[in-house]
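First the structure, in the form of C-alpha cells, and then the observations on it.
Where a number appears in this text, it was derived from the coordinates with a stated rule and is not lab data. None of the values given here were measured: they were computed from a predicted structure. Note: ideal-geometry Cβ built from the backbone for every residue, glycine included; neighbour counts use all protein chains shown.
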Amino acid sequence: MIDRKTELLAPAGDMERLEMALHYGADAVYLAGKRFGMRASAGNFSMEELAVACAKAHEKGAAVHLTCNTLPREDELKALPDFLRQAQSAGVDAFIIADLGVMKMAERYAPNVQRHVSTQLGVINSATANVLYDMGASRVVLARETPMRDIYEIRANTPKELEIEAFVHGAMCVSFSGRCLLSNYLTGRDANRGACAQPCRWKYHLVEEKRPGEYFDITEDKGTYIMNSRDMCMIDHIPELIDAGVTSFKIEGRMKSAYYAAAVTNAYRHAIDCAKAEKPLPQIWRDEVDKLSHRPYCTGFYYGDPGQHYSETSYYSDAEVCAVVEDCDADGNAVLTQRNRFCLGDTVELMTNDHEPVPFTVEYMENGEGEAIEATPHAMMTIKMKLPFSCSRLSVLRHIKQR
C-alpha cells in the first residue's frame with residue numbers, strides 16, 4: 001500500500017456536532033458560516049462561533065474547512081471580501097469553493113487560507129484538476145460520479161502537491177454533483193443556494209388531465225419513488241481508495257444528528273487506521289454504519305451504477321441514542337443527559353471513542369436530585385447511573401433495535 005497522509009473529514013452542522021466529530025477521531029471538520037454555504041437549514045456558525053470552533057479543532061490538532069460553495073449573485077459579491085477576511089481571522093484552514101470568481105477573491109482577501117474546489121464544480125478528470133491547481137487550488141473534491149479507475153488516472157496525471165478528496169459515506173443526489181433545478185422549479189427553494197426541498201425523495205403519481213383526483217402509480221421495481229437515490233457507504237473499500245490516491249475521506253451529513261456525527265466518524269476512524277496498518281477491518285466496526293440513520297447502502301459510482309431505491313424513501317437505523325455522558329468517575333459512576341426514553345431492565349450499549357461498543361443491562365438509575373427512577377421520560381433530563389467502565393464525556397448510550 002502506498003504510504004500517503006490520510007485525512008478523515010467529518011461534517012459539523014453546529015457546535016455539538018463539531019465536538020462529537022472531533023471527539024471520535026476526525027482529522028478535520030467542514031462547516032458553514034451564516035452565508036455562502038450549501039446547507040442553509042443547518043445550524044451553521046456566526047463569525048464569533050467560527051472562531052470558537054477553530055480554537056476547539058486546533059486544540060485537538062484538527063483542521064476546519066469552511067464551505068463557501070454557493071454561486072453568489074451579483075448583489076452578494078460586495079459582502080464576500082469581509083466574509084473571507086473575517087473567516088481567515090477566525091482561524092479557518094481552508095475554503096471549499098465552487099465559483100471561479102470566489103476562488104480569485106479568496107486568494108486576494110484571505111491569502112493564508114487554502115482553497116479547495118467543491119464537488120459542486122464537478123471535477124471528474126485530470127484536465128480540470130490541473131487547471132484548478134494552476135489557479136491556486138490545493139485540493140479538489142471529486143464529483144461523486146467519478147469511478148475508482150479514473151481516480152488512479154487523475155492521481156497519476158496531476159501534481160503530487162494537489163490533494164484529492166472524495167466522499168465515502170452519506171446521502172447522494174439524483175443530479176450530477178448536486179446540480180439540480182427540481183427544488184427551485186417545484187417549490188421555489190434553490191438547491192444551488194443551500195435550500196433544497198429534496199423533491200427527488202417524494203412519491204410521484206400520474207394524473208390525467210380529464211380525470212382529476214385519480215392517481216396512477218408510476219412504478220419501477222414495485223415502487224413510485226422514482227428518483228430516490230441510495231446512500232453511499234465505502235467503509236469496506238478504504239484500502240482501494242488510499243491506493244488510488246485519495247488523501248481526504250469525506251463524510252456527508254451536516255444536517256444529520258450529533259449521534260450520527262459521532263458514530264460515523266468513529267467507524268471510519270477505525271476503518272482508515274486498519275487500512276493504513278494493512279489489517280482487516282473487524283466486523284464490529286463494519287456493523288457500526290448500520291446503527292446510523294441511513295437508506296439502503298451502495299458504493300456510489302465507484303464500481304458502476306449505484307441503482308435507485310424505488311420502494312420507499314425512509315431512513316433505517318439499528319440503534320437509537322438514549323443518553324450522552326456529561327461526566328464519569330474512575331469507577332464508572334456517570335452523569336448523563338437524556339436523549340430518548342429508556343427503562344430499568346433495558347439492554348443498552350455504551351459507545352466510546354477508545355473501546356469497542358459494550359452492551360449491558362440497566363439495573364439502577366437516579367434523576368438529578370438523587371431519587372431512584374425506573375425510566376427516563378423527560379427530554380434532556382439528568383440521569384445518574386453506573387456504566388460498565390469509566391469513560392470520557394461525549395460517550396453515548398444507545399438502544400439496539402430488534403429487527
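Counting every other Cβ atom within 10 Å of each residue's Cβ, SER293, SER392 order from fewest to most as SER392, SER293.
Ordering 339-345, 97-103, 44-50 by mean Cβ neighbour count within 10 Å, with the highest value first, yields 97-103, 44-50, 339-345.
For PHE342, nonlocal amide neighbours, meaning residues 5 or more places apart or on other chains whose placed amide H falls under 5 Å from its own, are THR376.
The calculated FRET efficiency for the pair ASP236 and LYS210, based on their C-beta separation and a Förster distance of 51 Å, comes to about 0.45. Residues whose amide H falls under 5 Å from that of ARG230, counting only those 5 or more places apart or on a different chain, are HIS309, with hydrogens built in the peptide plane.
Multiplying the residue separation of ASP75 and SER317 by 0.36 nm and subtracting their alpha-carbon distance yields 82.8 nm. A simple rule links phi to the HN-Hα coupling: the Karplus curve 6.51 cos²θ - 1.76 cosθ + 1.60 with θ = phi - 60°, which for region 322-327 gives 9, 7, 10, 6, 9, 7 Hz, with x for Gly and Pro.
For TYR316, the residues whose amide H sits under 5 Å from its own are HIS294, ARG295, ignoring neighbours fewer than 5 places away on the same chain, with H placed 1.01 Å from N.
With respect to the cross-link table entries LYS279/LYS401; LYS60/LYS386; LYS56/LYS279; LYS291/LYS384; LYS160/LYS250, which display a Cα-Cα separation exceeding 22 Å? Going by Cα-Cα distance, LYS279/LYS401; LYS60/LYS386; LYS56/LYS279; LYS291/LYS384 fall outside the 22 Å limit. In terms of overall dimensions, region 263-403 has a Cα radius of gyration and Dmax of 17.5, 57 angstrom.
Please determine, in degrees from 0 to 90 and to the nearest 10, the orientation of helix 100-109 with respect to the longest principal axis defined by the Cα atoms of the chain, where the helix direction is its Cα long axis. Long axis of 100-109 versus the principal axis of the chain: about 70 degrees.
Compute the orientation-averaged projected area for region 31-172 from the convex hull of its Cα atoms and round it to one decimal in nm².
Details: hull surface 35.4 nm².
Mean projected area for region 31-172: 8.9 nm², to one decimal.
Among 260-271, 121-132, how do they line up from the highest to the lowest mean number of other beta-carbon atoms within 10 Å?
Working: 260-271: 25.9, 121-132: 18.6.
Going from most to least packed, we get 260-271, 121-132.
Here the dipole of the chain is about 1020 debye; that uses its Cα centre as origin and unit charges on the Cβ of Lys and Arg (positive) and Asp and Glu (negative).
Of all lysines in the structure, those lying under 16 Å Cα to Cα from LYS34, and not within fewer than 8 positions of it along the same chain, are LYS78. State, as an integer percentage, the relative contact order of the chain based on alpha-carbon contacts under 8 Å between residues 6 or more apart. Over the chain, the number comes to 15 percent.
Its Kirkwood hydrodynamic radius, worked out from the mean inverse distance over all distinct Cα pairs, puts the chain at 22.6 Å. Against the chain, whose longest principal axis is taken from its Cα atoms, helix 80-90 shows a tilt of about 40°.
The string of couplings for region 350-357 from the Karplus curve (6.51, -1.76, 1.60, θ = phi - 60°) is 9, 9, 10, 8, 9, 7, 4, x Hz, one whole number per residue in order, with x for Gly and Pro.
Kindly rank 158-169, 374-385 from highest to lowest mean number of other beta carbons found within 10 Å of each residue.
Details: 158-169: 19.9, 374-385: 15.6.
So the peptides 158-169, 374-385, ranked by packing, come out 158-169, 374-385.
Helix 47-59 and the long axis of the chain differ in direction by around 70°, with both axes built from C-alpha atoms.
Counting other beta carbons within 10 Å of each residue's own, what order do ARG73, ARG286 fall into, fewest first? Walk me through the intermediate numbers first.
On the way: ARG73 8, ARG286 16.
Going from sparsest to densest Cβ surroundings: ARG73, ARG286.
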